[in-house]
1. Measure nothing fancy, just the Cα-based angle from helix 22-36's long axis to the longest principal axis of the chain, in degrees from 0 to 90, nearest 10.
2. Calculate the spin-label point distance for GLU38 paired with ARG74, positioning each point 7 Å from the Cα along the beta-carbon direction, and give it in nanometres.
3. Scan segment 1-87 for trypsin sites (Lys or Arg not before Pro) in coil per DSSP, keeping those whose Cβ has at most 15 other Cβ atoms within 10 Å, and list them by number.
4. Suppose R0 equals 22 Å. What FRET efficiency, 1/(1 + (r/R0)^6) with r the Cβ-Cβ distance, do SER116 and SER52 give to the nearest 0.05?
5. State, to one decimal in nm, how far the label point of LYS8 lies from the label point of PHE21, with both points 7 Å from Cα in the Cβ direction.
6. With each run of n ≥ 4 DSSP H residues scored as -39500 (n - 2.57), what mean residue ellipticity at 222 nm is computed for the chain after dividing by its residue count and rounding to the nearest 500 deg cm²/dmol?
7. Tell me, what are the semi-axes, in whole angstrom and largest first, of the equivalent ellipsoid of the chain as set by the roots of 5 times the Cα gyration tensor eigenvalues?
8. Counting only DSSP beta bridges with both residues in the chain, what percent are antiparallel, rounded to the nearest 5?
Amino acid sequence: MAFTTQRKIRFQHCDPAGIVFYPRYFELINSVVEDWFEEVVQHDFNQLHVESGTGVPTAAIDTQFHAPSRLGERLTFELLAQALGHSSLTLQITAYCGEQKRLTSCSTLVFMDLNSGESMPWTEAIRQRITVDNQ
């Protein structure tokens, strides 16, 4: 089941033409992932990064931009977990404005120990909360 959230396109996201400057989409995607970890996985980024000394950096990202987004629009982001590995997680994120698809992105995150910089297996508590949708 998809995790869904909305984001309003603000002035800070836009270039002088009033459309989202593409690097800002990656900030929006990261905020969606952060909300998903807090609301679905029940491990917010403070708990992961500060308290536990672990992290989930992006190892790969492939994004297609289908149509521009403009200042003042409200985008709906859908996140689906596609694959859960020993220490990796593949997420698909799609953004819409109404019915119009604006972007699709496939990201691979890696669970890692921030002190050593090495990947590590997902904890059982996190693994149990991630539902993979391979459709």
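1. It is inclined by approximately 50 degrees.
2. 1.9 nm
3. Details: sites: ARG7, LYS8, ARG10, ARG24, ARG70, ARG74; in loops: ARG10.
Taking segment 1-87 and a limit of 15 other Cβ atoms within 10 Å, the loop trypsin sites (Lys or Arg not before Pro) found are ARG10.
4. Values: r = 13 Å, r/R0 = 0.61.
Efficiency, rounded to the nearest 0.05: 0.95.
5. 2.1 nm
6. Numbers: 2 runs with 21 residues, N = 135.
That comes out to -4500 deg cm²/dmol.
7. Values: eigenvalues 154, 50, 33 Å².
After diagonalising the Cα gyration tensor, the semi-axes are 28, 16, 13 Å.
8. Values: 36 of 37 bridges.
So the antiparallel bridges amount to about 95 percent of the total.
Readers should treat all values here as calculations from the given coordinates under stated rules, not as data from a laboratory. On a predicted model such as this, the values are computed, not experimentally measured, just so you know. When we count neighbours, we look across all protein chains shown, and the Cβ atoms used for this are built from the backbone with ideal geometry, even at glycine.
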